[in-house]
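Here the structure is laid out as structure tokens; the discussion comes afterwards.
The values are calculated or read from the model by the stated rules, or taken from the named source; none is laboratory data. Predicted, not measured: the structure shown is a model, and the values here were computed from it. Backbone-built Cβ (ideal geometry, glycine too); neighbour counts: all protein chains shown. Calculation scope for accessible area: heavy atoms of the full protein, side chains included, ligands and nucleic acids excluded. Shrake-Rupley method; radii C 1.70, N 1.55, O 1.52, S 1.80 Å.
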Amino acid sequence: MQRRGALFSVPGGGGKMAAGDLGELLVPHMPTIRVPRSGDRVYKNECAFSYDSPNSEGGLYVCMNTFLAFGREHVERHFRKTGQSVYMHLKRHMREVTIACDAVLSSKSPYRKQDPDTWENELPVSKYANNLVQLDNGVRIPPSGWKCARCDLRENLWLNLTDGSVLCGKWFFDSSGGNGHALEHYRDMGYPLAVKLGTITPDGADVYSFQEEGPVSDPHLAKHLAHFGIDMLHTQGTENGFRDNDIKLRVSEWEVIQESGTKLKPMYGPGYTGLKNLGNSCYLSSVMQAIFSIPEFQRAYVGNLPRIFDYSPLDPTQDFNTQMTKLGHGLLSGQYSKPPVKSELIEQVMKEEHKPQQNGISPRMFKAFVSKSHPEFSSNRQQDAQEFFLHLVNLVERNRIGSENPSDVFRFLVEERIQCCQTRKVRYTERVDYLMQLPVAMEAATNKDELIAYELMRREAETNRRPLPELVRAKIPFSACLQAFAEPDNVDDFWSSALQAKSAGVKTSRFASFPEYLVVQIKKFTFGLDWVPRKFDVSIDMPDLLDISHLRARGLQPGEEELPDISPPIVIPDDSKDRLMNQLIDPSDIDESSVMQLAEMGFPLEACRKAVYFTGNTGAEVAFNWIIVHMEEPDFAEPLAIPGYGGAGASAFGATGLDNQPPEEIVAIITAMGFQRSQAVQALQATNHNLERALDWIFSHPEFEEDSDFVIEMENNANANIMSEAKPEGPRVKDGSGMYELFAFISHMGTSTMSGHYVCHIKKEGRWVIYNDHKVCASERPPKDLGYMYFYRRIPS
């Protein structure tokens, strides 16, 4: 493969130029040609508007002034908008003979026998085997559950015999293999030997020497494996782990969800394009596949492609709508999902072992933008697909195209009814939500006896260091989970046990409106009594047709008496005034110990920081209450946005509202501390919207009483701009019937949202399709009972 670059000019809109004329043509444009400096972003692998690359038929054109890259279809658009005329044309040329050579080099040796002893004798002994250095770093390799340390791959994994790193092997021309992270690790560290996991038996294993560039034998392999806790003489290798010969393999959700062991037919064409894994980016890929299977998102972005691209900013890589449109077009156009064309030469080399190649597109540019300034999503760590879904909805809300907002299809109103346990009075409130969180009703499991027996055997096996029994998965009726959503136990039942507080009342939830698309999250992740995060291993019989009409809100019923609309008092230490104001003035002094206490409970780190910040470092318990109140908000896990304080007053938040109404951002900060809204507004108005002085005013007016006329006027004015958010009308809530049909679901494998792998199943053209990163195949056995997020579309009445 060769990569060539050449300067190219677009004089007056395009046209090919002879080589001699091109040099003369460049002379007047020389002042516009820049040399990249430190800090310049140079895009040389991907078009800003499409997924064209130097490998594409037309190659890639890099602007020699902005260093943005464009495919052949989009380079003239950039020229018309900017007037930049000089581009470097990058094109990779593939020599087909090298494909044949790679195939020959990667084929198995004809001398390799099934007899391990024969194979070992044919391999040279590695020159590093006798004196191999092994780091005493405490690494122990578990008997199963392996995953590449740099990506999500769980196949073709290699254990480095020096430091115990588990990394994936090289990528082959037929899409098999891995991402080459084991080789990268060798180049970084120089550790020469690795053994392939899954091949270890008492007779030996596959050992590879990176330095010697080939398979080798290691006469001290048993010793080298024992260094990492692997007893080679008592194991039998499998692709998924070690096991004793007489032990039955446990059921694996990895195999069921990914439909392993089934020959899946690859799918090609529009709507069947996969997304490459960038290293724990499967949560993003699964959510975006589901999102762009929804017609409203297709129309909003791909349907407006010419307008969005033509009116994009000068740097389209930093525009949300441009990148959403680019991703949607990449997934839906079919341009990057075409069946491979086999030449006669390749067919002769590959013969019957050819595997259809599915490369997919890389969402690197999209991920870089949508995760910008977010400490979790911008990392390479695994994330919660549900949190990313809400993060995306928030971005769509903030970057709507004109009056059109495709995320409205998820938006609905929830009516919550709270009944006081003592007075039996009730309160009805409404809030906006974008997904339905369905509790796991473990107490309703239909196989309780089986679960109890398994738990007893598991404990005995762990105590006596015996192999674990075959896994038993809890079977939960969907109807029980739906009932738990509508009528959960006491409001503070779970949380109050941790805080040693009493239950306040009983809460029930109903739909004040039904969304056009209903997203259901199964709350599989919880905490044990020791606050250690764990995942329920459950099977729920999710229905293809869902009827939630009986959950329609009813409002205040005859005979019910409403609770007074009074916020509960909050006990604040005597020195809290100074502490509150100091923390708000200097956010760098946030109590990190309280933050970590909350984070260890499993809450997002940024949410924990906001909780401690907005409660003024008054301790983890008070911050915990803030989390419980705000955890349903779409921006719950968004980074803490610190406004200005001190003399800047309200100006740091933006313009002052009409009729001397303070900005909502400052009001929210004060009410988050537990003060009444009317108290916060009156204090801010009395102090010219200065946050410090308003807090001082509140603490110096303990006798504050609401003036009814003032409150009515204040609420009428202050709520005018936020009423559409609290109770949206018209197109903001697409109410309709409560009948739905399942069309997609996202499944999670692993023990925590911070680890594991996500895949997505979508029903298209009457059949289920599995989207597993870059691989897109017709599904044979969609595991609808093991999903984490379910997507339903409303059935017209």
Scan around Leu197 for amide H atoms under 5 Å from its own, H built in the peptide plane at 1.01 Å from N, and keep only partners 5 or more places away or cross-chain. Leu157, Trp158, Leu159
Would you please give the residues with an amide H less than 5 Å from that of Arg150, counting only those at least 5 places away or on a separate chain, with H modeled from the backbone geometry? Cys168
May I ask you to rank Lys734, Lys372 by accessible area, largest first, using a 1.4 Å probe over the protein chains only? Lys372, Lys734
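Given the Cα-Cα distance of Arg767 and Ala668 and 0.36 nm per residue of separation, how much length would full extension add, in nm?
Working: separation 99, 0.36 × 99 = 35.64 nm, distance 4.77 nm.
Extending this stretch completely gives an extra 30.9 nm.
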Label model pair Arg72, Ser737: point-to-point distance (7 angstrom along the Cα→beta-carbon line) in nm is 5.0 nm
Can you sort Met739, Met64, Met673 by solvent-accessible area, 1.4 Å probe, largest first? Met739, Met64, Met673
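Too long at a 20 Å Cα-Cα cut-off: which of Lys147/Lys775; Lys265/Lys764; Lys338/Lys784; Lys448/Lys524; Lys734/Lys784? Could the numbers behind the result be given before it?
Details: Lys147/Lys775 18 Å; Lys265/Lys764 15 Å; Lys338/Lys784 28 Å; Lys448/Lys524 18 Å; Lys734/Lys784 27 Å.
Distance filter (> 20 Å) returns Lys338/Lys784; Lys734/Lys784.
For Asp188 and Glu430 in one chain, what is 0.36 nm times their gap in residues minus the Cα-Cα distance, to one decimal in nm? Don't jump to the answer; show the numbers that get you there.
Numbers: separation 242, 0.36 × 242 = 87.12 nm, distance 5.57 nm.
Gain in length upon complete extension: 81.5 nm.
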At a Förster distance of 35 Å, what's the computed FRET efficiency of Phe369 paired with Arg552, Cβ-Cβ distance as r, to 0.05? 0.35
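So between Thr82 and Arg398, what do we pick up on full extension, going 0.36 nm a residue minus the alpha carbon distance? Mind dumping the intermediate values first?
Numbers: separation 316, 0.36 × 316 = 113.76 nm, distance 2.69 nm.
Result: 111.1 nm gained on full extension.
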Through the Karplus equation 6.51 cos²θ - 1.76 cosθ + 1.60, θ set to phi - 60°, convert the phi angles of region 309-326 into ³J(HN,Hα) values in whole Hz; use x for Gly and Pro. 5, 5, 9, 6, x, 4, 10, x, 6, 10, 10, 4, 5, 5, 6, 5, 5, 4
